[in-house]
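Contents: one structure, followed by commentary.
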């Protein structure tokens, strides 16, 4: 019997190929709940110079917002409730994401809370830095900037 280990991820082939082309870049996932989308837009606008040096991926509505309001290029996955959080979790598990910035609304019940919990867990399991608020996102992005300047 073959003892090979296979990792299954639910990522569209086109997006996966684009990520593989940019493996030499720092891969950052951006996710924001609806009540935090304005915060995410302000964060990405404020940090645009750093983020331009990264390969960015986001859930659908977050990616669409950033793509339409900034000159950043963000690859869009499915929306969170349709499986986008799990797609990004698959990329984390496959070691294709270096940092996750997930601006969550901790006071709102989400229909896909189990998917969110799975994403947070996979970040912990694979030791991937995870920011869930603006303060931690700023600190982690400073670390990215330092790494990019080396």
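The table for this structure:
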read-out: Filter result (closer than 23 Å to residue 46 by Cα and either modelled with pLDDT under 95 or assigned to a helix (DSSP H, G or I) (or both)) within the stretch 118-140; value: 134, 135, 136, 137, 138, 139, 140
read-out: Options 71, 105, 115; residue that is modelled with pLDDT under 95 and in a loop (DSSP other than H, G, I, E, B); value: 105
read-out: Which listed residue is at pLDDT below 95, surrounded by 16 or more Cβ atoms within 10 Å (Cβ to Cβ) and touching a strand residue (DSSP E or B) at 6+ places or on another chain (Cβ under 8 Å), from 43, 26; value: 26
read-out: Failed item in (1) surrounded by 16 or more Cβ atoms within 10 Å (Cβ to Cβ); (2) closer than 23 Å to residue 34 by Cβ, with residue 135 passing the rest; value: (1)
read-out: Options 143, 89; residue that is assigned to a helix (DSSP H, G or I), over 19 Å from residue 34 (Cα atoms) and in contact with a helix residue (DSSP H, G or I) (Cβ under 6 Å, 6 or more places away or on another chain); value: 89
read-out: In the stretch 92-102, the residues that are assigned to a loop (DSSP other than H, G, I, E, B) and surrounded by fewer than 24 Cβ atoms within 10 Å (Cβ to Cβ); value: 94, 95, 96, 98
read-out: Complete set of residues in the stretch 126-150 that are under 20 Å from residue 89 (Cα atoms) and without any contact (Cβ under 8 Å) to a residue 12 or more places away in the chain; value: 127, 136
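Let's see how each residue does on (1) within 18 Å of residue 96 (Cα to Cα); (2) assigned to a strand (DSSP E or B):
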{"position": "30", "(1), (2)": "yes, yes"}
{"position": "40", "(1), (2)": "no, no"}
{"position": "44", "(1), (2)": "no, no"}
{"position": "50", "(1), (2)": "no, no"}
{"position": "63", "(1), (2)": "yes, no"}
{"position": "66", "(1), (2)": "no, no"}
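The values are calculated or read from the model by the stated rules, or taken from the named source; none is laboratory data. This is a predicted model, so every value here is computed, not measured. Here Cβ is always computed from backbone atoms with ideal geometry, including for glycine, and neighbour counts include all displayed protein chains.
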